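Report on the structure given below.
The values are calculated or read from the model by the stated rules, or taken from the named source; none is laboratory data. As the structure is a prediction and not an experimental result, all values here were calculated from the model. Glycine gets a Cβ as well: all are built from the backbone with ideal geometry, and neighbour counts include every protein chain shown. In case anyone asks, the SASA skips ligands and DNA or RNA and just uses the protein heavy atoms, side chains included. Shrake-Rupley method; radii C 1.70, N 1.55, O 1.52, S 1.80 Å.
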Amino acid sequence: MKLASLVPDAQARVRGAARIELGKGGLWTRRLRGGPLVLSCTAGAVWVTREGAPDDVVLEAGASYGGAGRGLLVVEALEPAQIAVADGAERTARAALERARAALERARGSWLVLLSLAALYLVWGSTYLAVSVALETLPPFLLAGVRFTTAGALLYGVLRLRGVPRPTPRQWGAAARVGVLLLVAGNGLVVVAQQWVSSGVAAVVVSTMPLWLALFTTVRAARGGALGPRGAPEVSRGEWVGLLIGFAGAALLHLGGALHAEHAGALLIVLAPVAWALGSLYSRTTPLPEGPMAVAAEMLAGGAVMLGISAIAGERLAAAPSSRSLLALAYLVVFGSIVGLSAYTYLLRNTRPAIATSYAYVNPIIAIALGVLLGGERASAATWVAAAVIGAGVLIVSRARH
C-alpha cells in the first residue's frame, strides 16, 4: 500500500511517542501487521520504503506520513535525523477503550437518575402511610421530633467524619429558622392533621406546595424583594394557567368533602404547604451551611423544636409503642429522611429542576394507592380527580418556569 499524506492532526498523534535518533545511514525497521502507523520526521531527513510499495518517500523535518497494511517498513537516515513513531492501532484501541468507559459512565449516570427518581417517588410517596402507621401509638410531635433529630444526628455525624466543617453560630440560627418553617410547620402540621386525614388526602394537599412557592415568588418579585443569586423571571402566562388549575384542584378537594373531618385540626394541613413554600423561599437568601450540612442542621434544629413542643403540649405515651409504629418510625428516619433526601440532592445536582421536583405530582398517586392497598383507606372519586388536576397544574408551572 502506498504511503499517504496524514491529516493535520498527525503531530498530535505522535506527541508523546518514543523518539528515535538515527545517524547518517542509520536504519530503523518495523514489520507491519495490518494496523495503521504514524511516522514523523522531527529532525534531519529520512528515506522511507515499505515492502511491496511501488514508491519511496523522503521525509524532511516537520513532515509526517501514515501507512497501513503488511510488510517490512524501512527508514534510512539521509543525514543525522530523529523520527517519532506512533502505533495507530494501539492509539485507536485506547480511544475505543476511553469511549467505552465514557459510555459506561453515562449509562451509570442514567441508572442512578432512574434509581433516584424511583426512590423519590416510592419513598416520599410512602411516607404518608408510614406516618399514619406510626401515629397508631406515637403522639405527633414526639414522632416528628424523634424522626428528624435522629436523622439529623446521623447525617451530621457522617458529614463531620468526612471532614465537613461544623456550622457557625450564625448558620445554626439560619438553619433553625428554616427548619421551623419547613419541618415544624411544614411537616409537623401534616403529622398532626394525619390523625384525622387519610394519607392520600394529605399527599394531595401537600402537592400544592410548588404552586404556593410560585405564587410567593411572584409576589416577592413584584415588590422588588431579594430572591437570591438566581432571582426570579417574570411570570409567564403558562405559569398563571398552571397556578389557576392547581388551586382549582385544591378547591375541588375541599368541595368534594375529602377535608371534612370531625376534628377542626384536620384543616391545619392546609397550612403545611404554605409554610413549606415560605421556608423554601426564605432559604434562598439566608446564610445556611454549605451542601448537605444545611439539611442536617435544619433537621437537628427543627427536630429539637418539635421535641420541645411535645413536652410543652404534654404529649405522653399511653402505652409502649407497638412494633408497627417503631418500624414505621425507623422507615421514616432511614428512608424518608436520609435515602429520600440523598436521592433528591443527587437529582438537583445532575438533572434539570423540573425532573428533580417531579415528585410533587407523582407522590399523591403513590400515597393514595398505598393507602387503599395497604392502609385500608378509601379514596373518593373527588380525591382522585383533585390529585389529577393539582398534578396537571404543578406540571404546567414546572414546564413553563424551566
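Which number in (1) closer than 26 Å to Ala388 by Cα; (2) open to solvent by less than 20 Å² (accessible area, probe 1.4 Å); (3) assigned to a loop (DSSP other than H, G, I, E, B) marks the one condition that Gln195 misses?
Gln195 satisfies all of (1) closer than 26 Å to Ala388 by Cα; (2) open to solvent by less than 20 Å² (accessible area, probe 1.4 Å); (3) assigned to a loop (DSSP other than H, G, I, E, B) except (2).
Just checking, how many residues over the stretch 139-179 are of a type outside the set (A, V, I, L, M) and either touching a strand residue (DSSP E or B) at 6+ places or on another chain (Cβ under 6 Å) or under 26 Å from Gln194 (Cα atoms) (or both)?
The first filter runs over the stretch 139-179 and keeps only residues of a type outside the set (A, V, I, L, M), leaving 139-141, 145, 147-150, 152, 156-157, 160, 162-163, 165-173, 177, 179.
Going one step further and asking which of them are either touching a strand residue (DSSP E or B) at 6+ places or on another chain (Cβ under 6 Å) or under 26 Å from Gln194 (Cα atoms) (or both), we end up with 139-141, 145, 147-150, 152, 177, 179.
Final tally of qualifying residues: 11.
Pro167 passes all but one of (1) surrounded by fewer than 19 Cβ atoms within 10 Å (Cβ to Cβ); (2) outside any helix (DSSP H, G or I); (3) in contact (Cβ under 8 Å) with a residue 40 or more places away in the chain; which number fails?
Pro167 satisfies every listed condition except (1).
Are any residues in the stretch 66-98 open to solvent by 70 Å² or more (accessible area, probe 1.4 Å), farther than 14 Å from Trp28 by Cβ and modelled with pLDDT of 65 or more, and if so, which ones?
The initial filter retains those residues of the stretch 66-98 that are open to solvent by 70 Å² or more (accessible area, probe 1.4 Å), namely 70, 78-80, 90-92, 94, 97-98.
If we keep only those that are farther than 14 Å from Trp28 by Cβ too, we end up with 70, 79, 90-92, 94, 97-98.
Of everything in the stretch 66-98, those that are open to solvent by 70 Å² or more (accessible area, probe 1.4 Å), farther than 14 Å from Trp28 by Cβ and modelled with pLDDT of 65 or more turn out to be Arg70, Glu79.
If you go through the stretch 219-241, how many residues are at pLDDT below 75, assigned to a helix (DSSP H, G or I) and either under 25 Å from Leu129 (Cα atoms) or in contact with a helix residue (DSSP H, G or I) (Cβ under 9 Å, 6 or more places away or on another chain) (or both)?
5
Here are some residues: Ser323, Ser358. Which one is surrounded by fewer than 15 Cβ atoms within 10 Å (Cβ to Cβ) and either modelled with pLDDT of 75 or more or among the small types (Gly, Ala, Ser) (or both)?
On the way: Ser358 fails: surrounded by fewer than 15 Cβ atoms within 10 Å (Cβ to Cβ).
Only one candidate passes the filter, namely Ser323.
Quick check: anything in the stretch 177-186 modelled with pLDDT of 90 or more, more than 26 Å from Trp212 (Cβ to Cβ) and either assigned to a helix (DSSP H, G or I) or open to solvent by less than 40 Å² (accessible area, probe 1.4 Å) (or both)?
no
Within the stretch 155-164, can you find the residues that are hydrophobic (A, V, I, L, M, F, W, C) and buried (at least 20 other Cβ atoms within 10 Å of the Cβ)?
Leu155, the sole residue that qualifies.
How about the stretch 117-130: which of its residues are hydroxyl-bearing (Ser, Thr, Tyr) and surrounded by 23 or more Cβ atoms within 10 Å (Cβ to Cβ)?
The answer is Ser126, Thr127, Tyr128.
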